[in-house]
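For reference, the structure is listed below as structure tokens.
The values are calculated or read from the model by the stated rules, or taken from the named source; none is laboratory data. Computed from a predicted model, the values in this text were never measured in an experiment. Heads up, the Cβs are rebuilt from the backbone with ideal geometry, glycines too, and the neighbour counts pull from every protein chain shown.
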Amino acid sequence: MRRAALAIGALALLGWPWAAPPYFVFLASLIVVNAIVAIGLNLLSGYTNQLSFGHAGFLAVGAYTAAIVATRWPGVPVVAPLLAAALVTALVGLALGIPCLRLEGLYLAMATLAFGFVVVEAILNLDWLTRGNDGLRVPVAHLGSWALAGDRERYYLVLPVGAAMVWAALNLARTRTGRALLAIRESEIAAQASGVHVARYRALAFVVSALYTGVAGGLFAFVVGFLSPDAFDVFLSVDFVAMIIVGGLGSVPGSVVGAAVLTVLHDSLAGFQNYRPLIFGAILIASMLFMPGGIASAFRFLKGDRV
Amino acid sequence: MTTAALIHVVVSGLATGSIYALMAISLVIIYNATRTLNFAQGEMLMISTFVGWAVYQRLKLPLLGVMLVAVVGAALLAWAIERAIIRHAISATHFDVLIITLGLSLMLRSAAGVAWTHDDFPFPSFFGDRPMAVGPVRLAPVSLGIIGASLALMAALWALFTRTRLGRAMRAVAQNQRAARLMGISVERVYSASWVLAAVVGAIAGVLIAPVIFLSSKMGIVVINGFIAAVLGGFGSMPGAVVGGMLLGVIENLAPLYLPSSIKHSVPFIVLIAILLLRPGGVVGRVARRKV
């Protein structure tokens, strides 16, 4: 039953580019990218209770790294810029995560918010590298002799990477590391008393979260094809937070669903720019008041589990 | 750089710093009562200033009347938000309330954009434009006015917190909610009062700063500098909020003189990251110990 559902789901995802018009293929790629970020953010916020308002900053680091690598070495297999994006962003995550070990709650939220602003300012100022306000054109991704020039090809780049990252995140919860992270979320001091090295795991959560977001950033660069610093403002970080709140804190499927819902909503409200934050804000408040466990808790409720 | 010019820069830094201090005080008032950060504080300031301005456009009230309208508008808005939304999340975690206020800030900003567009509007000032000469130093009346008005408001707040029943009740709730309740203080009423008081302080700050930075839906962003100011002074401390605000204003104004201008916009954030890393308890405060 479960296997059959998975197989049908996989077939539907694989067949999507042939069933849908190109724009919806692009939208699906964007959903996968956002889902990877949401999972990464959820590993940090949902698992270790560290709220971040700076994930747009990580996304920007990943996107610009991938774009710069792909520009400097044209024709390099797309794996290289993506790996570079993952590595650089993870290092940035480590550099931010270690000092942030001393912070929690509001202070951490504000420090990450500040990080997001500083990244945008850095992109604007390093214009010899990032072209600053003019924006950076991202070259077409290559895989051997195959150029990923269309929406369909790019979708087939994004989908397997996304699937691998979902699979990894699902399994993380079942490992020693995942349990340690969850223990920290429940009570830091109790976890410490049980022999969990809290500082090490919190830093690890930061690095893994940044790595996820960095990979998503690399994919984002190739999917949209053009980067400019104003795309990575604090409102994008807020969107990511909204995704995990609506989807469900600490839930991997919830992150994916939350990313899908908000990405589609974002897109369908494109004609109503002025009202979009109004609706997003209302959704945030409503989900906190009426469904604090997010969509994931609604699923659990339908399945008959006790919430 | 001459001393006179330096004094000029420091004084205008103190003026923006006063606004940061008032913002920080608003945040701290709500934080002390409810232990949550109100992300929407800046947007509430913006809305109440807009309300004052809209009434000014229609009725051509004198400025003092505009400020009164803004204050009343802010109080009503805060009271409604607290009763309609925040009160329902009273048992939720601080994280949840933080997200709710974040949602509120998105909504209020967007609503202001719908009602008044996202443009900048000039706002009438209490103070003239002609610089005043004090010896060799030239000072902008608006800077001195903002500093003076803010100090007066701070003194009034100090009197409120030390001399009135409400103020004492608020301080009691800040110290220990359960003990306060056992002493017969209505903690819920203190929550409402804190939201209203914070909004009133914000509205006054908004009317004072709007002539300088223009009235716009984006002016709510000042909440971030208010937060940084509160952290600088040790979050939760009122005198700390004042010191932190003034300090941040002066640093922000002095930094571009000594640093490349390109990092000017990052200065408050660099200050925040530095203070969080070096002295999370603020420049004068201590870090509170946690319990299980």
Pairs returned, first residue in segment B:271-282 that is more than 10 Å from chain A (Cβ to nearest Cβ), second residue that is among the aliphatic types (A, V, I, L, M) and surrounded by fewer than 16 Cβ atoms within 10 Å (Cβ to Cβ), beta-carbon separation under 7 angstrom, 6 or more apart or interchain, are B:281/B:287
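Residue-wise test of (1) in a strand (DSSP E or B); (2) hydrophobic (A, V, I, L, M, F, W, C); (3) within 13 Å of chain B (Cβ to nearest Cβ); (4) buried (at least 17 other Cβ atoms within 10 Å of the Cβ).
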{"position": "A:88", "(1), (2), (3), (4)": "no, yes, no, yes"}
{"position": "A:95", "(1), (2), (3), (4)": "no, yes, yes, no"}
{"position": "A:106", "(1), (2), (3), (4)": "no, yes, yes, yes"}
{"position": "A:110", "(1), (2), (3), (4)": "no, yes, yes, yes"}
{"position": "A:114", "(1), (2), (3), (4)": "no, yes, yes, yes"}
{"position": "A:117", "(1), (2), (3), (4)": "no, yes, yes, yes"}
{"position": "A:121", "(1), (2), (3), (4)": "no, no, yes, yes"}
{"position": "A:128", "(1), (2), (3), (4)": "no, yes, yes, no"}
Exactly one of B:153, B:139 is farther than 25 Å from residue B:238 by Cβ, crowded, with 17+ Cβ neighbours inside 10 Å and touching a helix residue (DSSP H, G or I) at 6+ places or on another chain (Cβ under 8 Å), and that residue is B:139
The correct count of residues that are within 21 Å of residue A:116 (Cα to Cα) and either touching a His at 6+ places or on another chain (Cβ under 7 Å) or assigned to a helix (DSSP H, G or I) (or both) in segment B:257-282 is 18
When restricted to B:55, B:69, the only residue β-branched (Val, Ile, Thr), modelled with pLDDT under 90 and out of contact with any Asp or Glu (no Cβ under 6 Å at 6 or more places or on another chain) is B:55
From the option list B:251, B:204, B:209, B:228, single residue qualifying as of a type in the set (Val, Ile, Thr) and within 13 Å of chain A (Cβ to nearest Cβ) is B:228
Scanning segment B:98-131 residue by residue, those of a type in the set (Val, Ile, Thr) and within 8 Å of chain A (Cβ to nearest Cβ) turn out to be B:99, B:100, B:114
Pairing a residue in segment B:1-23 that is among the polar types (S, T, N, Q) with any residue that is outside any helix (DSSP H, G or I) and surrounded by 15 or more Cβ atoms within 10 Å (Cβ to Cβ), where Cβ atoms lie under 7 Å and the two sit 6 or more apart in sequence or on different chains, gives B:12/B:140
When restricted to A:147, A:183, the only residue without any contact (Cβ under 8 Å) to a residue 60 or more places away in the chain and assigned to a strand (DSSP E or B) is A:147
Within segment A:175-207, restricting to residues that are of a type in the set (D, E, K, R) and modelled with pLDDT of 85 or more, the one that is farthest from residue A:115 (Cα to Cα) is A:176
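Per-residue answers, yes or no, for (1) more than 11 Å from chain B (Cβ to nearest Cβ); (2) at pLDDT 85 or above; (3) over 20 Å from the mean Cα position of the chain (by Cα):
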| residue | (1), (2), (3) |
| --- | --- |
| A:222 | yes, yes, no |
| A:227 | yes, yes, no |
| A:236 | yes, yes, no |
| A:260 | yes, yes, no |
| A:280 | no, yes, no |
| A:286 | no, yes, yes |
| A:296 | yes, no, no |
| A:299 | yes, no, yes |
| A:302 | yes, no, yes |
Picked from segment A:45-78 (must be assigned to a loop (DSSP other than H, G, I, E, B) and more than 14 Å from chain B (Cβ to nearest Cβ)), the residue modelled with the highest pLDDT is A:73
Taking first residues from segment A:274-289 that are without any contact (Cβ under 8 Å) to a residue 12 or more places away in the chain and second residues anywhere that are surrounded by fewer than 23 Cβ atoms within 10 Å (Cβ to Cβ) and not in a helix (DSSP H, G or I), the pairs with Cβ under 8 Å that are 6 or more apart or on different chains are A:275/A:269; A:276/A:269; A:285/B:85; A:289/B:85
Considering residues that are modelled with pLDDT of 90 or more and either under 19 Å from residue B:105 (Cα atoms) or at the interface with another protein chain (Cβ under 8 Å from one of its Cβ atoms) (or both), the number found within segment A:263-278 is 0
Considering residues that are among the small types (Gly, Ala, Ser), more than 20 Å from residue B:118 (Cα to Cα) and surrounded by 24 or more Cβ atoms within 10 Å (Cβ to Cβ), the number found within segment A:252-296 is 6
Residue pairs qualifying under the 7 Å Cβ cut-off, at least six apart or on distinct chains, with the first in segment B:168-186 being in contact (Cβ under 8 Å) with a residue 12 or more places away in the chain and the second being among the polar types (S, T, N, Q) and surrounded by 11 or more Cβ atoms within 10 Å (Cβ to Cβ), are B:170/B:194; B:174/B:32
Here, helices (runs of 4 or more DSSP H) confined to segment B:175-243 with at least 1 residues that are crowded, with 24+ Cβ neighbours inside 10 Å are B:187-213, B:222-232
Checklist entry - Are any of the residues in segment B:46-56 among the polar types (S, T, N, Q) and either surrounded by fewer than 23 Cβ atoms within 10 Å (Cβ to Cβ) or within 14 Å of chain A (Cβ to nearest Cβ) (or both)? => result no
Those residues of segment B:156-174 which are closer than 30 Å to residue B:128 by Cβ and buried (at least 16 other Cβ atoms within 10 Å of the Cβ) amount to B:157
